[in-house]
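This report refers to the structure that appears directly beneath it.
Derivation of every value follows stated rules applied to the coordinates shown; laboratory data play no part. Bear in mind the structure is a predicted one, so any value in this text is a computation, not a measurement. Here Cβ is always computed from backbone atoms with ideal geometry, including for glycine, and neighbour counts include all displayed protein chains.
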Amino acid sequence: MAGIGAACDLAALSGGAPRTVVPTRGLSLGLSPDGKQIYFVREPAATTLWRADLATAELSRVVDGLVPYCTSCWAVAEHGIYYLGTRPGSPHLQSIFYQDFRTKATKLIADYPEPILPIGIGPFSLSPDGHSLLTVRLDPINSDLLRADNF
């Protein structure tokens, strides 16, 4: 099994040999603001976001309820995490949520404009001041209307 390795190993970035820092598979890696934890999902269809402590390699679940196949639809803030999730009991309703690390309380931030297939949505990015969340969306190519006359 491949582990989370050189992508977060500073020794490898400075010319040292890469090493596995957490012995588990990880996709869509994100480093905590203090550089002490790494966040990731384990599989493309996963709905759970994980955290690994880089000093101890201890793993913990952070969020359950991510939109399946939306592996990078989350952004770590100083005191919590923003993520695209589904409404409990209504999987067709997608919303942006914030989970506070200290209290574990989850707060609805905003409903997403319409249910989307996560394919074509880019990673969430949080502004340095923590006041803006950015994501890239690609509309399906079959959404355009075309009128053809005299063909």
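Whose amide H sits under 5 Å from the amide H of LEU93, counting only residues 5 or more places off or on another chain, with H placed in the peptide plane?
Hits under the 5 Å cutoff: ARG87.
What residues have an amide H closer than 5 Å to that of VAL22, excluding those fewer than 5 places away on the same chain, when H is modeled at 1.01 Å from N in the peptide plane?
ILE4
From the phi of every residue in the stretch 45-57, what ³J(HN,Hα) in whole Hz does the Karplus formula 6.51 cos²θ - 1.76 cosθ + 1.60 yield, where θ is phi - 60° and glycine or proline is x?
Each residue's phi maps through the Karplus curve to give 8, 4, 10, 10, 9, 10, 10, 10, 7, 6, 7, 10, 6 Hz.
Taking the mean number of other Cβ atoms within 10 Å as a proxy for protection, how do you rank 29-39, 103-113 from highest to lowest?
Values: 29-39: 15.3, 103-113: 11.5.
Most protected by this proxy first, the peptides run 29-39, 103-113.
Considering the convex hull of the alpha carbon atoms of the stretch 19-125, report its projected area averaged over all viewing directions, in nm², one decimal. Show your work: numbers first, answer last.
Details: hull surface 27.5 nm².
The Cα convex hull of the stretch 19-125, projected and averaged over all directions, gives 6.9 nm².
What does the highest-first list of 73-83, 124-134 look like by mean Cβ count within 10 Å? Don't skip to the answer; put the middle values down first.
Details: 73-83: 20.5, 124-134: 12.1.
Ranked by mean Cβ neighbours within 10 Å, highest first: 73-83, 124-134.
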